[in-house]
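J.: Provided herewith is a single structure, encoded as structure tokens, for subsequent inquiry.
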Amino acid sequence: MAESQIRIQLSTRYPDISLRENPGPIVVNTSLRRYALSTLVNTLLESEKPVPFEFLINGTFLRTSLDEYLTANGISSETTLAVEYVRAIIPPLYLASFEHDDWVCSVDVLSETSPAASGTGNAAFKPGQERIISGCYDGVLRVWNMSSEIIAIASTSREGGPISALKSVKFLSPTQIATCGMDRVIRMWDYTEDAENLTASLTPRLELYGHRNVIASVAVHQPSSRILSASWDHTVGIWSSKASDAPPAPGELLPSHRGSKRHKSEPSINPQRGPLAILRSHTAAVTDTIFTPNDHTVAYSVSQDHTLKTWDIPTSTCVDTRSTTAVLNATVSMPALNLVAVGGTARNVTLIDPRDSATSVSAMTLRGHKGWVWSLASDPDSAYGLVSGSADGTCRVWDVRSSTTDKSGKVGTSVYSIERESAKGETLRREGGDGVQVFGVCWDQKVGIVSASEDKRVQINRGQGIFGGNPV
Amino acid sequence: NIDPESLLPKLPSPEDLRPFPTMCATKFLGHAGRVRSLAIDPTGNWLASGGDDGTVRVWELGSGHQVWSVRLEKTEAVNVVRWRPGTDAIILSAAAGEDVYLMSPQIANLTPEVAAKSREVADAGWGYAANDVKSKTRKEAVTQWVRPGSRLEGEGVLVRFGLRKTVKVISWHRRGEYFATVSPQGQTSAVAIHTLSKHLTQLPFRKLKGPAQSVQFHPSKPIFFVATQRMIRSYDLSKQELLKIIQPGARWISSFDVHPGGDNLVVSSYDKRLLWHDLELSVRPYKTLRYHKKAIRAVKFHQGGLPLFADASDDGSLQIFHGKVVEDMMENASIVPLKVLRGHQIKKELGVLDLDWHPREPWCVSAGADGTCRLWT
Ligand SMILES: [Mg+2]
């Protein structure tokens, strides 16, 4: 039987792996799969060390032979098939773990490629001085260098007081950190390193009062000095990181309020301020909030009320509500695709188009987690990538181009799953509470995927040359 | 030839009755010894538990992290924990041995305002107690409500009072002003009703036939249900009269719950049966459900609008049911078994000792003799 053939036109958007001369349409056997195509491109590139490639046809990764693809999509082998190639994601490698005294809720990274270092008007970031901050259930903020050393530490818990777990920690700039958690306070810290960058100090600068329950998340936008907060009191807060711009703190919420005689505290020496606005519309705990990456006047929030809401910050109004079927815990924006990813107790990640013109609620569902999704972060190298941290003890890396379609619509499967190093080699399925839930995840181009877990560790994994460079 | 089975109405498939809990999402580890009781707070974010180690603990529901604990007793088990309804004040009630405690756990929604309101609600009765003494009713007083001592006060415990026998059940009226307790060994003082704002304890049921097992307030009417070993009696609280004697036919009732609509109740028994009663239909069970190999210890309806109920058994499992009450008087409730939840270890013949539902979500929690609590979603 004669093997059928097809013409393919190869292309890539990554300059470092593009072919020097356009070879034009190439005739190949339709029996070829990803691996054979990858070998072909490496031959054309005359690569000394073969690079594994993935192939995109009509925006979806090739997961079958070309023949099966043509049949499944009803495409004639007479056509010239446009085939885009990208570097395959290399499994992120385990690099290090930072040990804590209690479960770790949240992490953030400061590097030359992190958002906080690209802010203006602050001390420039020194390459090679990457830092990781962690927020822990013991109420302690820790600053780590890449040698697993704590170089600064600050506690927010009071002796005999309630638990003050730090639910969210964020670098606002290389010298400022915002934290929040179970004590209902957003704290701004000044962060300064000594001349040799061996030790550093954390100085409380501002305390923001206005929420009446756990503050689950803060988002920061350094150029506008704006902070967003998501609280279990059903509201989203808008705040200024500058004490001079902020209204007075609501007296009834301060620890010195007459009602709180059980834990009398000294009058705080830090300035205490209140919110610029409190946004009401959610009907249950708000669990996460973000600025849209390209427009800091628009915010998203997700809630235990199952909804994703879009907010216009200058007018403090809710401009859109999208309902899902379950409690939501986390959100991240995918601006190039006009999508917002949300994750929660349905154990999946749902991609939502929040624009008015969108007709369906869910554009795509990413499936594979066996526990609640606690945290989401976008891929710094790819507009199509994101990572999710789950109660099942894994971080899953997704590329939305890796998808299939079933009766419920477009379904994505993860390209890689990162296990906890602390549970390595165990075959027993872990359930929530068995010690490995991932509560927080951050993905930095330079540092890698940094995750915070119930195993009392921050774990760092790095994929070498994931997608390599920026597309043009 | 007609197959008689084909004439029976078909039960809907569990798949079509989603959502309901199907798997363990979180385990709560920390109690030493059996967990006897647990309850989710009115906001749905905190779980309270109590057990043989004499402690009451509060956990973050989603993560399973413990956020607060207090040791009430060194030698007695905490047999029951129940939150007072409402979110204006935060009051958790618990019983250890013969003592009942009201406390304000240090959780994140206990703002200075809410803390003050909580103390106000718990303290309102001190003045009344003083009047009580003057009006010479003190010799009739069943018990004295007191401050629990400086150690416990420092931990957030607001009030304590003692009853004559071990308290096994606490049940709150929906408005948070009254709660009832049951001391099964207490004979004429087995059932007590407490008025929070007056720190007043009364014993309205002096002549119960058989040891009391459990009590419930009707969700909307001034009706009170009292379960003894074999019967459940309903009383009109305003007229002080017996309304009905419900006869489940069980040899030993362990627990029961009233449907939020008020016209149906479900009864669990140590003799492995679950009995659904339609109070408008009959004093006999409308349906008998046998799904467990061992005693059933607890049964609860979802209170947040989902047609779900569940029971907990010494065989180590929970059984989740669909239970839809039909508004039409001519039609009966539809009851469909949905899912068996397994995971708790059986310890010394004991399995799952208590359960509760989330106020909104199709989630339940269970207390195990294995020392763990679990969240099922
Ligand atoms: Mg009926």
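The values are calculated or read from the model by the stated rules, or taken from the named source; none is laboratory data. For clarity, every value in this text was computed on a predicted model and none was experimentally measured. FYI the Cβ positions are ideal-geometry reconstructions off the backbone, even for glycines, and counts take in every protein chain you see. With ligands, DNA and RNA removed, areas are computed over all heavy atoms of the protein, side chains included. Shrake-Rupley method; radii C 1.70, N 1.55, O 1.52, S 1.80 Å.
J.: Which residues, taken from the stretch A:155-201, are of a type in the set (A, V, I, L, M, F, W, C), open to solvent by less than 30 Å² (accessible area, probe 1.4 Å) and within 14 Å of chain B (Cβ to nearest Cβ)? Quick ask: steps written out before the conclusion?
T.: Applying the first criterion (of a type in the set (A, V, I, L, M, F, W, C)) to the stretch A:155-201 yields A:163, A:165-166, A:169, A:171-172, A:177-178, A:180, A:182, A:185-186, A:188-189, A:195, A:198, A:200.
Within this subset, residues satisfying the condition of being open to solvent by less than 30 Å² (accessible area, probe 1.4 Å) are A:165-166, A:169, A:171-172, A:177-178, A:180, A:182, A:185-186, A:188-189, A:200.
Within the stretch A:155-201, A:Ala165, A:Leu166, A:Cys180, A:Met182, A:Val185, A:Ile186 qualify.
J.: Quick check on the stretch B:283-306. Is at least one of its residues open to solvent by less than 20 Å² (accessible area, probe 1.4 Å), in contact with a Gly (Cβ under 8 Å, 6 or more places away or on another chain) and more than 16 Å from the ligand (Cβ to nearest atom)?
T.: No, there is no match, as no residue in the stretch B:283-306 is open to solvent by less than 20 Å² (accessible area, probe 1.4 Å), in contact with a Gly (Cβ under 8 Å, 6 or more places away or on another chain) and more than 16 Å from the ligand (Cβ to nearest atom).
J.: Does at least one position in the stretch A:345-352 carry a residue that is assigned to a loop (DSSP other than H, G, I, E, B), among the polar types (S, T, N, Q) and within 14 Å of chain B (Cβ to nearest Cβ)? Steps first, please.
T.: Narrowing the stretch A:345-352 to residues assigned to a loop (DSSP other than H, G, I, E, B): A:345-347.
Among the residues that remain, those that are also among the polar types (S, T, N, Q) are: A:345.
Among the residues that remain, those that are also within 14 Å of chain B (Cβ to nearest Cβ) are: A:345.
Yes, the stretch A:345-352 has at least one match.
J.: Looking at B:Pro260, B:Pro222, which one is open to solvent by 40 Å² or more (accessible area, probe 1.4 Å), within 21 Å of the chain's Cα centre (by Cα), modelled with pLDDT of 95 or more and within 16 Å of the ligand (Cβ to nearest atom)?
T.: None of the other options fit; the residue is B:Pro260.
J.: With the structure loaded, tell me whether A:Val109 is outside any loop (DSSP other than H, G, I, E, B) and more than 17 Å from A:Arg205 (Cβ to Cβ) or whether it fails that test. Walk me through how you get there before you give the answer.
T.: On the way: outside any loop (DSSP other than H, G, I, E, B): yes; more than 17 Å from A:Arg205 (Cβ to Cβ): yes.
When the stated conditions are applied, A:Val109 passes them.
J.: Within the stretch A:361-385, take every residue that is more than 18 Å from A:Val411 (Cβ to Cβ) and charged (D, E, K, R) and give me the one that is farthest from the other protein chains (Cβ to nearest Cβ).
T.: For the stretch A:361-385, the residue satisfying everything is A:Asp381.
J.: I would also like to ask the following. Of (1) open to solvent by less than 10 Å² (accessible area, probe 1.4 Å); (2) within 30 Å of A:Ile26 (Cα to Cα), A:Thr79 satisfies all except one. Which?
T.: It is condition (1) that A:Thr79 fails.
J.: Follow-up. Can you list the strands (runs of 3 or more DSSP E) found entirely within the stretch B:1-110 that contain at least 1 residues being more than 12 Å from every other protein chain (Cβ to nearest Cβ)? Steps first, please.
T.: Numbers: elements: B:24-29, B:35-40, B:46-51, B:55-60, B:66-71, B:78-83, B:92-96, B:99-103.
In the stretch B:1-110, the matching strands (runs of 3 or more DSSP E) lie at B:35-40, B:46-51, B:55-60, B:66-71, B:78-83, B:92-96, B:99-103.
J.: Somewhere in the stretch B:233-252, is a residue within 16 Å of the ligand (Cβ to nearest atom), open to solvent by less than 10 Å² (accessible area, probe 1.4 Å) and not basic (Lys, Arg)? Can you show your working first?
T.: So the first thing to find is which residues in the stretch B:233-252 are within 16 Å of the ligand (Cβ to nearest atom), and the list is B:244, B:246.
If we keep only those that are open to solvent by less than 10 Å² (accessible area, probe 1.4 Å) as well, we get B:246.
Now narrow it down to the ones that are not basic (Lys, Arg): B:246.
Yes, the stretch B:233-252 contains a residue that is within 16 Å of the ligand (Cβ to nearest atom), open to solvent by less than 10 Å² (accessible area, probe 1.4 Å) and not basic (Lys, Arg).
J.: Within the stretch B:269-310, work out how many residues are more than 18 Å from B:Ile232 (Cα to Cα), of a type in the set (A, V, I, L, M, F, W, C) and under 15 Å from the mean Cα position of the chain (by Cα).
T.: Final tally of qualifying residues: 2.
J.: Looking at the stretch A:280-301, which of the residues that are within 14 Å of chain B (Cβ to nearest Cβ) and in a strand (DSSP E or B) is least open to solvent (accessible area, probe 1.4 Å)? Talk me through it step by step, then tell me what you get.
T.: Going through the stretch A:280-301, the residues within 14 Å of chain B (Cβ to nearest Cβ) turn out to be A:282-288.
When the remaining residues are screened for being in a strand (DSSP E or B), the result is A:286-288.
Values: A:Val286: 0, A:Thr287: 15, A:Asp288: 22 Å².
Looking at the filtered set, the residue picked out is A:Val286.
J.: Could you grab me the full set of residues in the stretch B:331-357 that are within 16 Å of the ligand (Cβ to nearest atom) and outside any strand (DSSP E or B)?
T.: The answer is B:Glu331, B:Asn332, B:Ala333.
J.: Checking the condition touching a helix residue (DSSP H, G or I) at 6+ places or on another chain (Cβ under 6 Å), modelled with pLDDT under 95 and loosely packed, with under 14 Cβ neighbours inside 10 Å, which residue from A:Pro50, A:Pro23 passes? Break it down into steps so the answer makes sense when it comes.
T.: Values: A:Pro23 fails: touching a helix residue (DSSP H, G or I) at 6+ places or on another chain (Cβ under 6 Å).
Exactly one residue qualifies, and that residue is A:Pro50.
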